[in-house]
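The values are calculated or read from the model by the stated rules, or taken from the named source; none is laboratory data. Note that the structure is predicted; figures quoted are calculated from it, not measured. Backbone-built Cβ (ideal geometry, glycine too); neighbour counts: all protein chains shown. SASA here: full protein model, heavy atoms, side chains in, ligands and nucleic acids out. Shrake-Rupley method; radii C 1.70, N 1.55, O 1.52, S 1.80 Å.
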Amino acid sequence: MPDIDYFVKMAHVSNPLREPILRSAIQTLQFPLGSRGLDAGCGIGLQALLLAETVGHMGHVTGLDFSPDFLVYAKDLAKKAGLSGRISFREGDVNKLPFDDDTFDWAWSVDCVGYAPIEPLPMVTELARVVKPGGSVIILAWSCEKLLPGHPLLEARLNATSAGIAPFVKGKKPESHFLRALGWFRDAGLEARTARTFAGDAHAPLTDDLRSALIALFQMRWREVKSELRQEDWAAYQRLCLPESPDFILDHPDYYAFFTYSMFHGKVPA
Ligand SMILES: C[S@@+](CC[C@H](N)C(=O)[O-])C[C@H]1O[C@@H](n2cnc3c(N)ncnc32)[C@H](O)[C@@H]1O
């Protein structure tokens, strides 16, 4: 299926931007060695690998996703990384998790809970249900970026399109925005609620990996925005953001960009 192939390709290509930030988040959480956790909406399992490393050989991570196609890739990645022994994958829906109450020490989800165009509270409540008293529920999502240094107005206009505000959609209630997740955690009965943002950087000279990741990010963030832009902004976008342009911004010798993931953390009452 072309969508699956596109997602898998983008997940791999964008990983050099995401992985260092998510590693920092995992380091901060200090999951105990030997703990057992859930990666909800694990996709092709890129973070399940990082999580499995952090819980050590006595720990275990269950990756769950409703796409069997992604799970095929995920199992293969875990096998190639030599981590099959401490990661298992399960097909299922985060809204109705196929696990008993109090199964895990922690549950983690990246770019899934609160990121899909569906109600976040039932998902957070489900994550809390399967975590043991005193355990942690953690959700993260990509929350902002500055990718066009020197062109703040153009970047603001690109971000003011429907693709630019995705996965939020115009007309959706403000409480559904990912950055309102503290409210979902409160309503799900979680305690010790915290929020924190982690940043990643990229600057010239860019490695080939970072360059490819940024090209993919330009496409992911601002594809199909032409009809929502003024003609001169569309022309400026093409001039600055297309690799074949002589003014491609990633070729600028002073290029610098940053991007963030925001993490919400809460504890299941003991
Ligand atoms: C943007 S991807 C993120 C994947 C992975 N967490 C990552 O950061 O690389 C969102 C993933 O959540 C999964 N997903 C979305 N809604 C879900 C649900 N209700 N139950 C299970 N998986 C879901 C999708 O199939 C997809 O793999």
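Which of the following residues is near the ligand (Cβ under 9 Å from one of its atoms) and either of a type in the set (A, V, I, L, M) or out of contact with any strand residue (DSSP E or B) (no Cβ under 6 Å at 6 or more places or on another chain) (or both): Asp76, Asp93, Asp100?
On the way: Asp76 fails: near the ligand (Cβ under 9 Å from one of its atoms); Asp100 fails: near the ligand (Cβ under 9 Å from one of its atoms).
From the options Asp76, Asp93, Asp100, the qualifying one is Asp93.
Screening the candidates Arg193, Arg180, Arg221 for the property of being charged (D, E, K, R), modelled with pLDDT of 95 or more and assigned to a helix (DSSP H, G or I) yields one hit, Arg180.
Results for (1) within 11 Å of the ligand (Cβ to nearest atom); (2) in contact with a Cys (Cβ under 6 Å, 6 or more places away or on another chain), shown as yes or no for each residue.
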{"site": "Pro16", "(1), (2)": "no, no"}
{"site": "Ser24", "(1), (2)": "no, no"}
{"site": "Gln27", "(1), (2)": "no, no"}
{"site": "Leu33", "(1), (2)": "no, no"}
{"site": "Asp39", "(1), (2)": "yes, no"}
{"site": "Leu46", "(1), (2)": "yes, no"}
{"site": "Leu49", "(1), (2)": "yes, no"}
{"site": "Asp65", "(1), (2)": "yes, yes"}
{"site": "Pro68", "(1), (2)": "yes, no"}
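Can you run down the residue pairs with Cβ atoms below 6 Å, 6 or more apart or on separate chains, where the first is in segment 185-202 and open to solvent by 90 Å² or more (accessible area, probe 1.4 Å) and the partner is of a type in the set (A, V, I, L, M) and not in a helix (DSSP H, G or I)? Sorted first by the residue in segment 185-202, then by its partner, the pairs are Arg196/Met263. Of the strands (runs of 3 or more DSSP E) entirely within segment 44-125, those holding at least 3 residues that are within 22 Å of Tyr261 (Cα to Cα) occupy 60-65, 104-110.
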